[in-house]
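Here is the structure we will look at, set down as structure tokens.
The values are calculated or read from the model by the stated rules, or taken from the named source; none is laboratory data. The model shown is predicted, which means the values in this text are computed figures rather than measured ones. For neighbour counting, all protein chains shown are included, and Cβ atoms are generated from backbone atoms with ideal geometry for every residue, glycine included. Side chains are part of the model used for accessible areas, which takes the heavy atoms of the whole protein and leaves out ligands, DNA and RNA. Shrake-Rupley method; radii C 1.70, N 1.55, O 1.52, S 1.80 Å.
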Amino acid sequence: QQGGYRVQQQQQQQRYQGRLKQPESLTEEEIKRMGSPLLTKILVEMLREGQDGKTRAWHFFERLCLLSSADVYQYSVMLNACIDSQSADKLMERMGNSGIAPSEVTYQKLYKIYLKDARIDAAADALERMNCMMEAEGNSRLPDDYTNRVLTDMLLELVKDGTQECLAKAWNLFNKLRHDNKVNIIHYNVMLNTCDRTEDAISLMREAQQQGIECSDRTCLKIAKMYIKEGNMPTHQSMLEAVIKGIKKTRLFNGTLESDPIDTSFESNATTLRSPPHPEGSSGSSESSSQVRFDHRRCSDAASEKEACAEVAEMVEALLVGGSHGEAVDRGA
């Protein structure tokens, strides 16, 4: 039966092959005769053509709705065209008013859309609905690490985009995860990519320590590369290893280096940071949270790997000690 259905769809696609390049020219009768997979394919192809394609897709989708030819597959595809979670909510409301029930794919798309707008509770609800639907069909629930993998991919995608809007969304999501105690070292390492200065990176990882999150080798590598770049130091492997060794001597990595007997205990309620310029509309002072400024000229003066190791250990420890009493700034709305 499935084979016969597939053949029927292939025959339909061959029949309309020339017309599919200009779906706007399809008549109402032709649209009504088309199967759902072909209508979905038309929308998918349109959405691949940028903003103009998205506009065309919405116009074509409106035609499908007027002709009562839109089903759960087309509604789910159009979630990809929603600019934010609010527009996705409106589409879902329209879908419900049309008597169309969401599918697993619908909830999966909603889950990611809600996460992108830092609507953690709404995302959790969509995920639970998807799991319940899978169980009702005799399938297993999604693995426990699914949420973490999606969150990590979401942060990476937003940070990699690099626009002010996407970076603001990344920080909003990250701050929400921190507030709900759902953040881990992987998420912190992703957000290190938004730090422009070594001082900013240390400030961020100091906050990870405040939440009981241990830095990883990848954390150390990222900070070391930033330190070398900022100080215009030689980038050969031995220098990198020296800087990594120096960073691991500090209390950030539970090292043994002790530079000052003053109290350096971390504030348990500190969930904000100074680094980098906060997005428009966010609150907070622009003053530094650190009482010790990072001076790139000092690390560029390190003549040998041994000196670089000692230098970076001293400077990072000074930032940790000085920064532990400074006022941090919440980054993100």
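Remarks
- Accessible surface of segment 181-239 [probe 1.4 Å, protein heavy atoms]: carbon and sulfur percent: 47 percent
- Overall form of segment 145-230: oblate. Here a/c, set by the Cα gyration tensor axes a ≥ b ≥ c, is 1.5 or more, and a/b is not larger than b/c.
- Taken one residue at a time, the phi angles of segment 28-36 give Karplus couplings (6.51, -1.76, 1.60, θ = phi - 60°) of 4, 5, 5, 4, 5, 7, 6, x, 4 Hz. Gly and Pro are set to x.
- Applying a threshold of 24 Å to the alpha-carbon distances of 109/176; 249/306; 116/160; 176/229 flags 176/229 as lying beyond it.
- Residue (of 80, 36, 100) at the positive-pole extreme of segment 21-100, dipole from beta-carbon charges: 36
- Residue 238-residue 180 FRET efficiency (beta carbon distance; Förster radius 56 Å; 0.05 resolution): 0.85
- Here the Karplus relation 6.51 cos²θ - 1.76 cosθ + 1.60, evaluated at θ = phi - 60°, turns the backbone of segment 58-72 into coupling constants of 5, 5, 5, 4, 4, 4, 4, 5, 5, 8, 6, 9, 8, 10, 4 Hz, with x for every Gly and Pro.
- Overall form of segment 35-150 per C-alpha gyration tensor (a/c, 1.5; a/b vs b/c): prolate
- Dipole size of segment 13-140 about its Cα centre, with +1 on Lys/Arg Cβ and -1 on Asp/Glu Cβ: approximately 500 debye, rounded to the nearest 20.
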